[in-house]
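Note sheet for the following structure.
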Amino acid sequence: MSPDELKTADEWINAHYLWISHSEQRPTLKWLLDMGETAVIRHGAKVLQIDPWNRLESTRPPRESETDYIGRCLAELYVFARDFDCHVQVLAHPAKMDSTRRNTPPYLEEIAGSKNWDNRSDQGFTVHRPKIFDGGQRKTEAILYHRKARFEELGYPCKLTLNFDLSRDRYVSTDYTSGAGMQA
């Protein structure tokens, strides 16, 4: 990008995105939802994206299971989305896979903490990079899996093959060859 294009892109991002960052890098879900409420009411935000989930400080009581804790948190996010008429996205990582699953695409129930990531979500996506390096050469292929769609009008389970275009710093679909292709 030219300096002018970079400046224009930065101005667009600053005009359309709010970045919420905890001063001590120790946000809790309650703190994040309080900040999200402010963003919705004061700035008209329509999407709250939590990226990544594992950076939130857990407030799980000692006797609550991780599954129950995740279920409770997802219920709070659902209520927030409904009450404030906004979309909530959670980016979460799968648990460490054992050697038998290491090279296979992850499923929603393999996200660290609970099967509730599959049970309670309306939409679920996973990304799999079959190889990151091959013989010291960086690989740029990835597959985006649409694993779950609770409502038919929001899509259906499918997969989209992507390639990270290093010159443009973005993923581009390799499943569509006409025109510029579908971007992710």
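When GLU110, GLU141 are checked against the criterion of being at pLDDT below 90 and in contact with a Pro (Cβ under 8 Å, 6 or more places away or on another chain), a single residue qualifies: GLU110. Those helices (runs of 4 or more DSSP H) of the stretch 7-126 in which at least 3 residues are surrounded by fewer than 13 Cβ atoms within 10 Å (Cβ to Cβ), considering only elements entirely within it, cover 29-43, 66-84. Pairs meeting the criteria (first residue in the stretch 44-57 and free of Cβ contacts under 8 Å to residues at least 40 places away in the same chain, second residue of a type in the set (A, V, I, L, M) and surrounded by 13 or more Cβ atoms within 10 Å (Cβ to Cβ), beta carbons under 8 Å, at least 6 apart or on different chains) are LEU56/LEU29; LEU56/LEU32; LEU56/ILE50.
The single condition among (1) under 25 Å from ASP34 (Cα atoms); (2) of a type outside the set (Asp, Glu); (3) touching a Leu at 6+ places or on another chain (Cβ under 9 Å) that THR174 does not meet is (1). From (1) among the basic types (Lys, Arg); (2) under 30 Å from ILE41 (Cβ atoms); (3) surrounded by 14 or more Cβ atoms within 10 Å (Cβ to Cβ), pick out the condition that doesn't hold for ARG150. Only one criterion in (1) among the basic types (Lys, Arg); (2) under 30 Å from ILE41 (Cβ atoms); (3) surrounded by 14 or more Cβ atoms within 10 Å (Cβ to Cβ) is unmet by ARG150, namely (3). The residue pairs whose first member lies in the stretch 14-28 and is in the same structural domain as ILE50 (by TED's automatic domain parsing), whose second member is among the β-branched types (Val, Ile, Thr), and whose beta carbons are closer than 9 Å, counting only pairs six or more residues apart or on different chains, are ILE20/THR38; HIS22/THR28; PRO27/ILE20; THR28/THR59.
The values are calculated or read from the model by the stated rules, or taken from the named source; none is laboratory data. Values in this document were obtained by computation on a predicted structure and should not be read as measured data. Note: ideal-geometry Cβ built from the backbone for every residue, glycine included; neighbour counts use all protein chains shown.
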